[in-house]
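Undergrad: Before anything else, here's the structure in question.
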Amino acid sequence: MTACFGQKSARPKRREQRPSRWRKQMSTAAVDLFEVSKSYNDRVVVDALSFTVSPGECFGLLGPNGAGKSTLARLILGVASPDAGKICVLGEPVPARARLARRGIGVVPQFDNLDLQLTVRENLLVFGRYFAMSAAEVKAVTPALLEFARLENKADARVAELSGGMKRRLTLARALINDPQLLVLDEPTTGLDPHGRHLIWERLRSLLARGKTILLTTHFMEEAERLCDRLCVLEHGRKIAEGRPHALIEQQIGCQVIEIYGGNPHELLPLVRPQVQRAEVSGETLFCYVTDPEQVRVRLAKRTDLRLLQRPPNLEDVFLRLTGREMKD
Ligand SMILES: Nc1ncnc2c1ncn2[C@@H]1O[C@H](COP(=O)(O)OP(=O)(O)OP(=O)(O)O)[C@@H](O)[C@H]1O
Ligand SMILES: [Mg+2]
């Protein structure tokens, strides 16, 4: 793999000044960001962000609406330029050599950009041309891509006639046409029903088993928990947490959760407060974080109007703890 800044045009003096972490990893990481910033209209949307994605890893980007996830995806693809910082993708400096890097990347944008007037098969053909594939090469991979997306029976249907979920599955299959090393997936399962989502999760796991690297943006915490090796949580373009899903759950929550419905959560809060480590009201639900759930149950034993749901902590608890329970954008 080419070293990002090992080109002849790189100025030796500047290379010397780069931090050692950057120098060491730049030739081996699938994606390496170092203090990357981006503003739109004087508003910082990516703020001095650094992270590294290793080959074969599934790395998740989480964050509220407007946190900067799609902007980051565009920066990594080299279709937007950073104001500051360094980006290296598949050994290539981006955006300087983004065209080269993109040869090894498959992309699922947040919003489908299929050609509605063409058939499924024709969409694959047109997309294959971007990667300089011949018609015969596209034809050879089409059956496997249709099978991947479970669209075998829709090969000759116009995309305009497909359901939203089918279009999403086609976009994902299309991203694999060039057999990419790295997949950049921006909310790939948004709009899919539970069957479609489980199908995609199974497909993504099989791609990971084949050694592919995935950068995944999602609002589905279950998806992040199931698929991602590591996560980066963003807020206002800044990294507010990074780590393995279960380590984050343990660090940030680390106890059982009881959700209480059926009463006025603000009135219940003082009742349970002495028994809980932390309590939060969200809408009509009271969330209690507890090391001894039995104490809360005893405390509320006479309140037969209430429903108590006890469960282990999950990534959604982490997300809400880190980013708050109010809407952000
Ligand atoms: N081309 C642009 N011009 C101006 N502002 C932009 C542009 N692209 C993004 N933004 C702003 O940057 C911020 C981050 O947007 P971005 O789409 O990256 O968020 P996101 O985390 O992907 O959100 P979501 O979860 O809703 O998809 C938002 O405030 C958005 O309005
Ligand atoms: Mg987005």
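Undergrad: For the stretch 20-28, indicate whether the set of residues that are outside any helix (DSSP H, G or I), more than 16 Å from ligand 2 (Cβ to nearest atom) and at pLDDT 85 or above is non-empty.
TA: Yes: the stretch 20-28 contains one or more residues that are outside any helix (DSSP H, G or I), more than 16 Å from ligand 2 (Cβ to nearest atom) and at pLDDT 85 or above.
Undergrad: Being within 16 Å of ligand 1 (Cβ to nearest atom), touching a residue at least 40 places away in the same chain (Cβ under 8 Å) and buried (at least 19 other Cβ atoms within 10 Å of the Cβ) narrows it down to one of LEU162, LEU234, so name that one.
TA: Being within 16 Å of ligand 1 (Cβ to nearest atom), touching a residue at least 40 places away in the same chain (Cβ under 8 Å) and buried (at least 19 other Cβ atoms within 10 Å of the Cβ) holds for just one of LEU162, LEU234, which is LEU234.
Undergrad: Follow-up. Cβ-Cβ distance below 8 Å, separation of 6 or more or different chains: which pairs start in the stretch 180-204 with a residue that is more than 24 Å from ALA30 (Cβ to Cβ) and end on one that is assigned to a loop (DSSP other than H, G, I, E, B) and not aliphatic (A, V, I, L, M)?
TA: GLY196/THR189; ARG197/THR189; ARG197/PHE220; LEU199/ARG150
Undergrad: Given the structure, is LYS38 within 16 Å of ligand 2 (Cβ to nearest atom), touching an Asp or Glu at 6+ places or on another chain (Cβ under 9 Å), among the charged types (D, E, K, R) and not in a helix (DSSP H, G or I)?
TA: Answer is yes for this residue.
Undergrad: Further question on the same structure: Would you please list the contacts, defined by Cβ atoms under 9 Å and residues six or more apart or on different chains, that run from a residue in the stretch 284-299 that is over 18 Å from GLY254 (Cβ atoms) to a residue that is surrounded by 16 or more Cβ atoms within 10 Å (Cβ to Cβ) and of a type outside the set (A, V, I, L, M, F, W, C)?
TA: GLU284/GLY263; GLU284/PRO265; THR285/PRO265; LEU286/GLY263; LEU286/PRO265; LEU286/GLU280; VAL298/GLN275; ARG299/GLN275
Undergrad: Suppose the filter is in the same structural domain as THR71 (by TED's automatic domain parsing) and in a strand (DSSP E or B); does ALA241 pass it?
TA: So ALA241 fits the description; yes.
Undergrad: Let me ask you something else. Do we have any residue at all in the stretch 266-279 that's crowded, with 20+ Cβ neighbours inside 10 Å and without any contact (Cβ under 8 Å) to a residue 24 or more places away in the chain?
TA: Looking for residues that are crowded, with 20+ Cβ neighbours inside 10 Å and without any contact (Cβ under 8 Å) to a residue 24 or more places away in the chain, one finds at least one in the stretch 266-279, hence yes.
The values are calculated or read from the model by the stated rules, or taken from the named source; none is laboratory data. On a predicted model such as this, the values are computed, not experimentally measured, just so you know. Note that we place each Cβ from the backbone using ideal geometry, even for glycine, and neighbour counts take in every protein chain shown.
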